[in-house]
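Report on one structure; see the data block that follows.
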Amino acid sequence: MRKILISVAMEPEPPSRLSRRSRFWIVGAVGMLLSSGLFVSKASAGDDATQILKGMSDYLASQKTFSLAFDSDVEVVTPEVEKIQFASSGKMLLSRPDKLRVSRTGGYADVEIVFDGKTISALGKNINAFTQMEAVGSIDQLIGKLRDMNIVSAPGVDFLGTHVFEDLMDGVISGSHIGLGVIDGVECEHLAFRTRDVDWQIWIEVGSRPIPRKYVITSKAVGAAPQYTLRIKDWKTDAPAGVEAFAFTPPSGANKVALESLVNFDEVPQGIIAGAKK
């Protein structure tokens, strides 16, 4: 399961990977659900949840070009066991097999990543600096490379490759179809899955367009059980995605730096919480 565990055990670090190589992330009213009869037999609920997730995964993998907007929230637990939440919003444009553009703006960072099939470019607009790295291949190959280098820390990356179902189900030990929910006015199927280290929930749009609308990952191995929440909106499959849409031109005066020199590039800013380790 290619998910991200929120590594916030008393420190505001960005998420780190679990499961297949030490990675990924429901705190809910389980008693209330049980008493209301929403949980049928565990086997049938799990089978139903798996089928719905597979339908979503196949749909995502079949999309050649799409764009979307998103909002994300990541929780950090301070040394005083206080939860602090950091919020960001962004946009993404994808064209298979080898084009990707993602931007994200938060209170402490304004970043953009562009991949054209040959080179990945990362720009910190707030610091007017960028870095570039050769990365010839597909989006799947790019994700694998960035994971191996511990660069990717966004759970939503699970939805970008062509092996969505396999990546999501890696390490899953149980799954449940909770029922229906409404996200941004859209009716969705609500699923919940568990791994050894994290619990995660997903809300999938009902109908002919089974896209993920909300994704919540809860770290069970960290005190206070911090969560990562991703909301997806403005899904479009008719966005212009020519080569020019993935051209990277650094802004005037931007400095080209080494990857490790791009500071405040994550959703959680460095050193923002007094006393927390980084």
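The values are calculated or read from the model by the stated rules, or taken from the named source; none is laboratory data. Bear in mind that the values here come from a model prediction, so they are computed numbers and not experimental data. Note that each Cβ is placed from the backbone with ideal geometry, even for glycine, and that neighbours are counted across all protein chains shown. Heads up: the accessible areas ignore ligands, DNA and RNA and are worked out on the full protein's heavy atoms, side chains in. Shrake-Rupley method; radii C 1.70, N 1.55, O 1.52, S 1.80 Å.
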Worksheet, complete the sentence: Karplus ³J(HN,Hα) for the stretch 69-79 (6.51 cos²θ - 1.76 cosθ + 1.60, θ = phi - 60°; Hz, whole; x = Gly/Pro) runs 10, 8, 10, 9, 10, 10, 9, 10, 9, 7, x
Discussion item. Can you tell me how the stretch 54-138 classifies by the Cα gyration tensor, rounded, prolate or oblate, using a/c under 1.5 as the rounded cut?
Written reply: oblate
Discussion item. Expected output is a single nm value to one decimal: the length gained when fully extending between D58 and Q132, i.e. 0.36 nm times separation in residues minus the C-alpha distance. What is it?
Written reply: 23.4 nm
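Which value results when the Cα radius of gyration for the stretch 161-252 is divided by 2.2 N^0.38 Å?
Output field value: 1.37.
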Practice prompt. State the percentage of accessible surface on the stretch 82-225 attributable to carbon and sulfur atoms; use a 1.4 Å probe and exclude ligands, DNA and RNA.
Written response: 51
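G124: net charge of surrounding residues, Cβ under 9 Å, Lys/Arg +1, Asp/Glu -1, itself excluded?
Details: positive: K125; negative: D110, E112.
My count for the surroundings of G124 gives -1.
Quick check for you: with a 1.4 Å probe and neighbouring chains kept, what is the accessible area per residue of the stretch 61-211, in Å²?
I get 41 Å² per residue for this part.
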Worksheet entry | Residue list for the stretch 95-116, given a label point 7 angstrom along the Cα-to-Cβ vector of A69 and an amide N cut-off under 20 Å | 95, 101-113
Worksheet item: By the gyration tensor of its Cα atoms, with a ≥ b ≥ c the square roots of the eigenvalues, what is the shape of the stretch 79-205: rounded for a/c under 1.5, prolate for a/b over b/c, or oblate?
Response: prolate
Response to the item:
Going through K54/K145; K64/K118; K54/K83; K91/K214; K54/K125; K214/K256 one by one, the pairs whose alpha carbons sit over 27 Å apart turn out to be K54/K83; K54/K125; K214/K256
Worksheet entry | Charge context of I52, other residues only, Cβ under 12 angstrom, K/R +1, D/E -1 | -4
Discussion item. I need the peptides 54-63, 246-255 ranked by packing, meaning the mean over residues of other C-beta atoms within 10 angstrom, with the highest value on top.
Written reply: 54-63, 246-255
